[in-house]
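Note sheet for the following structure.
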Amino acid sequence: MTDDEIVNENNAIAKEYKELLKISYRTLSTKDKKLIRKAFDVAVDAHSEQRRKSGEAYIFHPIAVARIVASEIGLDANSIAAALLHDVVEDCQRYNIKDIEQLFGESVARIVNGLTKISNIKKDMNVSMQAENFRRMLLTLHDDIRVIIIKIADRLHNMQTIQSMSEDKQLKIASETLYIYAPLAHKIGLYNIKTELEDLSLKYTEPNIYNDIINKLEESKEEQDLYIKNISKVLKKALNKEQLKTEIKGRPKSIYSIRRKIRDQGVSFDEVYDKFAVRIIYKSELKNEKFLAWKIYSIVTDYFRPNPIRLRDWISAPKSTGYEALHITVMGPKGRWVEVQIRSERMNEIAEKGYAAHYKYKEGEDQNDENLESWIGKLQEVIENPDSNAVEFVEQFKLNLYAKEIFVFTPQGELKSLPTGSSVLDFAFSIHTEVGAKARGARINGKLVPLSRTLKSGENVEIITSENSKPTANWLDHVITSRARSRIKVALNEEKKRIAEDGKELLRRKLKHLKITLNDKTIRRLVLYFKVNTSLDLFYRVGIGIVDNKKLKDFAASYNSTFFNFIKKRITSSARKNINDRDEFTSTFDKLVFGKDKEELPYSLSKCCTPIGGDKVFGFLFSATHNLTNNINEFVDSDFDETGTEAPSVLRTKYTGANFSQQVLTSALANFSFKFNQNNSLTIKNILSLNSRDLVIIRQGKEDVNDVPIFDEDIRWFTSNRIYSGQLGGEHYLPSSKIKIGWSAFYSDIFRNIPNLRNNPI
């Protein structure tokens, strides 16, 4: 770059920074501005050598993200600073999280750390792994919700500047945006951002359809503008007559919404009648908002005939996102249906800014982002079931985010919001876990109904409970909310464990009667024999009576059979072929295998250790044995002279002494395995064996009966053997080429020591 280009670029960066401070939704104090300035300086320093794909300085990206956070979402100074710093730790080795905490405090560091973790998630992976990693991202919500909000802002700017990337990257990022980020923005209440994300994603996932809709909208834009102008003119005159301060806007339907309606309803573009809406935004004090909304409704319907089945009152019962408005559909000029949205200025800000605007209007409360905790509480229902399949989890998450809502009443008159299609059971669990778990039936508008009954808006629901009622597996067929499903699964698992505990004791007594001891070896044989995956399944079946006395007697008959090993192999092979029923067999095994040979290892998992898919895992096995054996044997021996065949033998020499032997056997096994990520792992195996023997013979000789010493003898014999074997290996998968590389290195050492026999006189 030339000197002039550098100067121009620096001026542009400075201009963007000043604009950032001007457009902030919140009023920034001097302290806030100092914090943001410090973050800006660190970001400029960290990204000084970086450029984006488009060629512009990288610092423009974090500034743009911070602008979205500041103006379109309306978060606080800490969030703006974190947005400026969101790529610093990841891209610059000069800064780490500890540095960020020292410079900006714990709050900013926590947000930046969360954003860094999300950025480190691998992108080139299958759907299952993508889903697993999105689950991991969502599970960070309890740390700080602002992590997700800033990530949405980051994704929005990436989508706005995606044109500089290759086509495959564009398609991948756009698909990912539709998959998770647009639903998240919808849940948070960021309508404008959600709409832009959807439209931009459609532009790159279905460019032909996108361009076709754009062209048709452009063709009808002039006519549409004139139509809205005529309606607005009539309504504005009537509203001014009532001295109402209002602003009337025409809002075209989003391109993605039009596309979805065409696809879901099987209609053409021309058959989509609500391609635009009229929005009436009025000024009002908080206490008069509802009154004025219905007054405006009355004025509108005086001039245009309403469609009674298209009335949506989200003022009396706001959406779970915090959205409030009155929606009506009226017959406009030329016989065309037009949607009219009635909002106060406060409602409009909440619709556009989400919860940041919502808390701005909280009277008499602290307006910092701690209030977002209530939003986290609402979202927890969606992510409460971390034990489910990852793909199922994300799909369920999206379902809960996008689901249309119904509103039902408790007997006390409290209004409850639930997804459309919710059952009585969903409602029961939304009240309280205990209410759901003990539900027996319900009364809807005073009439008895079953738990499976689907609810409708406006119904009054009373749950009937019983202490004897318990969740059953078929309850899962009658619920759609994540909260209800997770609570039912937990209850079923607890019940299964309770029955299994009773079943284990029952099994122990029955086997004792059959002269068989219940131990680990016996359990493994039982698991194989009855074709189950885990000991828990075995005990559960005993507890519910599936494994009865007759079957146990059959097992006992084969227990000592010489053909057991053959049968075991056949059973193992058959069991693996027949595992196809998810409800019949659990998805996890209570086994730990090691290495290519799948050696079974005993293991234990601490209660505090809860790894999830994608976590770095370090496993190790260490085993050592030491055996010391001592043996002392005293002896008396004699030599005789033969004097003749008939004469007695004559004692010539008598020996006394002792044999002392010692054997030491030491062995050790140490195996380590470290999985760096999905594609790379390292294994270290070590085996050491030490075997030594020390033999000492002490003899003392004496002459005949006079006990005259003849000699002393000390014989020592020492042997030792040492065997060591070590192996270092690794496996690496290259996704780009789909090549898997495995390597190993071996080292062995054998040593044997056998000294000569040594005679050492004492």
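Is region 502-515 home to any residue that is more than 19 Å from Ala473 (Cα to Cα), not assigned by TED's automatic domain parsing to the domain that holds Ala473 and not in a helix (DSSP H, G or I)? Scanning region 502-515 turns up at least one residue that is more than 19 Å from Ala473 (Cα to Cα), not assigned by TED's automatic domain parsing to the domain that holds Ala473 and not in a helix (DSSP H, G or I). Can you go through Glu206, Glu176 and tell me which one is within 30 Å of Lys319 (Cα to Cα) and outside the structural domain of Gly332 (by TED's automatic domain parsing)? Result of the check over Glu206, Glu176: Glu176. Is it true that Ser24 is touching a residue at least 60 places away in the same chain (Cβ under 8 Å), in the same structural domain as Ile148 (by TED's automatic domain parsing), outside any helix (DSSP H, G or I) and more than 21 Å from Leu115 (Cα to Cα)? In short, no.
Scanning region 12-23 turns up at least one residue that is surrounded by 18 or more Cβ atoms within 10 Å (Cβ to Cβ) and not basic (Lys, Arg).
When the test is whether a residue is part of a helix (DSSP H, G or I) and modelled with pLDDT of 85 or more, Glu176 does not pass it. Exactly one residue out of Leu75, Leu115 is assigned to a loop (DSSP other than H, G, I, E, B) and within 19 Å of Lys151 (Cα to Cα): that is Leu75. The condition of being assigned to a loop (DSSP other than H, G, I, E, B) and not charged (D, E, K, R) holds for only one of Ala293, Ala317, Ala277, that being Ala317. Can we say Asp270 is under 26 Å from Asn230 (Cα atoms) and in contact with an Asp or Glu (Cβ under 8 Å, 6 or more places away or on another chain)? So Asp270 does not fit the description; no. Step by step: first the residues of region 442-459, then only those that are basic (Lys, Arg) and outside any loop (DSSP other than H, G, I, E, B), then the one that is surrounded by the fewest Cβ atoms within 10 Å (Cβ to Cβ). Which residue is that? Per the criteria, the residue is Lys447.
Listed here are the residues, each with its yes/no results for (1) among the aliphatic types (A, V, I, L, M); (2) surrounded by fewer than 18 Cβ atoms within 10 Å (Cβ to Cβ).
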site	(1), (2)
Gln160	no, yes
Ile180	yes, no
Ile193	yes, no
Leu202	yes, no
Asp212	no, yes
Leu226	yes, yes
Leu244	yes, yes
Gly250	no, yes
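Picking from residues in region 171-219 that are of a type in the set (Ser, Thr, Tyr) and without any contact (Cβ under 8 Å) to a residue 40 or more places away in the chain, the one that is nearest to Arg259 (Cα to Cα) is Thr205. Is it the case that region 193-202 has a residue that's charged (D, E, K, R), in a helix (DSSP H, G or I), at pLDDT 85 or above and over 27 Å from Thr321 (Cα atoms)? Among the residues of region 193-202, not one is charged (D, E, K, R), in a helix (DSSP H, G or I), at pLDDT 85 or above and over 27 Å from Thr321 (Cα atoms), which makes the answer no. Considering Ala64, Ala70, the condition of being modelled with pLDDT under 90, under 31 Å from the mean Cα position of the chain (by Cα) and in a helix (DSSP H, G or I) is satisfied by Ala70 alone. Restricting attention to region 40-65, the residues that are touching a residue at least 60 places away in the same chain (Cβ under 8 Å) and closer than 23 Å to Leu28 by Cβ total 4.
When region 460-501 is filtered for residues that are buried (at least 16 other Cβ atoms within 10 Å of the Cβ), at pLDDT 85 or above and part of a loop (DSSP other than H, G, I, E, B), the ones remaining, listed by number, are Pro471, Val479. For region 232-246, filtered to residues that are in a helix (DSSP H, G or I) and within 53 Å of the chain's Cα centre (by Cα), the residue that is nearest to Asn288 (Cα to Cα) is Leu239.
The values are calculated or read from the model by the stated rules, or taken from the named source; none is laboratory data. Everything numeric in this text was worked out from a predicted model, so none of it was measured. FYI the Cβ positions are ideal-geometry reconstructions off the backbone, even for glycines, and counts take in every protein chain you see.
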